[in-house]
Amino acid sequence: MTTRLTATSLLLLSRTLRRGVTSRIPPRPFGIAPLGLELSAGIIPRAQSRLAFSTASRDPGQQEPPPAMDSPIKVVSHLGSRGGEEGGGAAIDAGKSARRPLSLWPGMYHSPVTNALWEARASIFERMMDAGNGAADDDAGEQRAPTELLVKTPAQSRTSIVYKFATDDILREQYRDPWNQVRIGKLLEDLDALAGTIAVKHCSDEDSTTRPLLVVTASVDKMELKKPIRVDTDLKIAGAVTYVGRSSIDIQIEVTQVDQDGDNQSDPIALTANFTFVARDSKTGKSAPVNRLSPETEREKQLFSEREARDKMRKRKREEQKGGLENGIHKLRAEAERLNALLAEGRVFSDLPALADRDSILMKDTRLENSLVCQPQQRNLHGRIFGGFLMHRAFELAFSTAYAFVGQRPCFLEVDHVDFLKPVDVGDFLRFKSCVLYTQLDNPEQPLVNVEVVAHVTRPELRKSEVSNTFHFTFTVCSDTLKNGLKIRNVVPSTEEEARRILERMEAEGLCN
C-alpha cells in the first residue's frame, strides 16, 4: 500500500520531528572542547574555587605553603571518568557547566591548556555572579566596586601547568611542530592565558559582594628561549606576580623541562617570560587599583626590586622626554645623523641600483602579510579577541618571514617586545604585516634576524586602519648551516619612516650609542 504525502504534510512532519529532536538534545555550553581536561583538586570544582583562588581567610598562624607545593593544573587530552569524590581531580562536567552564561565561556579555538585555565578563572566570576544574584532583593541591587586593598604574597597567585607529553600521545601531537619540538606560537597562547589567570587570582578578594576587576594584557616585556623545547618530554610552566604598581601587575613565568637523558645537573629552565597586565573596573572601564604585594623569599624580594627599578627608570625616561628645549635640539641632531647613515645605502639602491651592495637587501623586499576576520571562537572571557591568539598568529608570520629571508629553518631566540595598543573585537578585519627590521651580523657564529610584525584593525566601511599590536621577534640560524657557507644579508631602509622604526627598536634594545 502506497501513501502519498503532500508538500504541506511533509513540511509539518519535518517541523514536528525537528522540534522533537531539538527538545531532547541538551544545550552545549559555548566553548566546551571535545577533549576532557583533567584538573588537579582545588582548581575547577566550584565548591573549592574560593580556596583555590584566595587564601586570605586562612588561620593567621598558618604558614604559607612553599612555592613547590602549588596545585598544578594538569592537562590531558582524553576523556576521563569522574571516579571518586567531587573534588578529586575530576574532568570538566559539561552538564554542570550548562548553567554558566555564554559570556563566561571563551571560544572553542583555543588549546586544551587555555580551556583549562579559563575554566579555573571563570570560577571566580561565577562566585561573583552568584553573590550578585543573591543580593538582588537588597537595596544595593548590584555588586559594588572594591573599596579595600589586600596585601598578598606571590605564593598566593602562583599557578603551574603540567604537560604530560611523554605519556599523552594526543596532547603531544597537538603541540608538535615538523621538527619534533613544541610549537612556540601555541605555547605563547598558554603563557598569556596563564599570566591572565595569575593576574585574576591576585586581584580577587574574599568579599563576594564586590565585582571582579577586568585584567588585560598591556605588554610582553621579554620572552627568552634558553634551549629548544622538546615535545616528547614532560613540560611544566609556572608563574607568579613579581611586582605591582597602582593598577599594573608584573608577572614572571618560567617554562621548565628536564633533559631527555634525565640529567638533573643541567638547568631545567627552557624559557622565561615577563608579562604586564593592567586592571580595569568591570563597570566603568577605568583603571582600578590592585591588591598590594608583599614578597617573602629572597628570590621574590630580588624580583620585586628589579621590576621596581625598571618601573622607575621607565617613568624617568618619560620625564626626560618632556625635558628642556636644549636637550630636545641635541637629540634631534643626533637622530638626524643616525637617520642619514641608515639611509645612505638605501639611496644607492634607489639611485644607483647597479652599484648597490649585493650583500644587502631593502627592508621592503622582506615583507610578508596575511589577514583574517576575527571570529567568536577566538575571543576571551571578556568578549575581546584573545591576546594569546594574536601572539600565535604574529609568531607564525614572523617565523615564515625569517624562513624566507634566511633560506633555512630559523631558530627562535626571544620575543623582544609586544605592545597591546588597542583591543581587537569579534568581527574586526585584522591584517598582519611583517618585515625583517634589521640584522645583527657582528657575531658570525650567531647572526641575529629581528622581525617586526604589526597588526592593523581595518574598517573598510570607514576607510580606516589603526595599529592594534606591535610584535618584535629575534631569530638566528643553526650553526650547521653557517658551516656550509650560509650568509645572512644586511637589511637597509629605503624611506625615512623605515629608518626611524629601526632606530626606535635599536634604542629600546640599547644598541644605539
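Structure notes:
- Radius of gyration and maximum dimension Dmax of segment 156-262, Cα, Å: 16.0, 52
- Once backbone amide H atoms are built at 1.01 Å from N, residue 411 has 476, 477, 478 as its partners under 5 Å, excluding neighbours fewer than 5 places away on the same chain.
- Size descriptors for segment 432-496 (Cα atoms only): Rg and Dmax, in that order, 16.3, 52 Å.
- Residue-span extension gain [residue 344 to residue 371] - 0.36 nm each, minus C-alpha spacing: 6.4 nm
- Here the mean projected area of the convex hull built on the C-alpha positions of segment 287-437 is 15.4 nm².
- Residue separation of residue 463 and residue 364 scaled by 0.36 nm, minus their Cα-Cα distance, works out to 33.3 nm of gained length.
- The orientation-averaged shadow of the Cα convex hull for segment 335-384, equal to a quarter of the hull surface, comes to 7.1 nm².
- Over segment 382-470, the alpha carbon radius of gyration divided by the compact-protein estimate 2.2 N^0.38 Å works out to 1.24.
- Net length available on complete extension from residue 442 to residue 496 is 17.0 nm, with 0.36 nm assigned per residue and the Cα-Cα distance removed.
- Separation of the alpha carbons by more than 26 angstrom is noted, of 317/464; 227/315; 286/315; 236/312; 236/317; 226/422, for 317/464; 227/315; 236/312; 236/317; 226/422.
- With both labels modelled 7 Å from their Cα along Cα-to-Cβ, the residue 258 to residue 319 distance reads 5.0 nm.
- Residue 310 versus residue 336: modelled label distance in nm, points set 7 Å from Cα along the beta carbon direction: 3.6 nm
Rule-based calculations on the coordinates, nothing more; no lab input. The structure presented is a predicted model; accordingly, all values stated were derived computationally and were not measured. We place every Cβ from the backbone using ideal geometry, glycine too, and count neighbours over all the protein chains shown.
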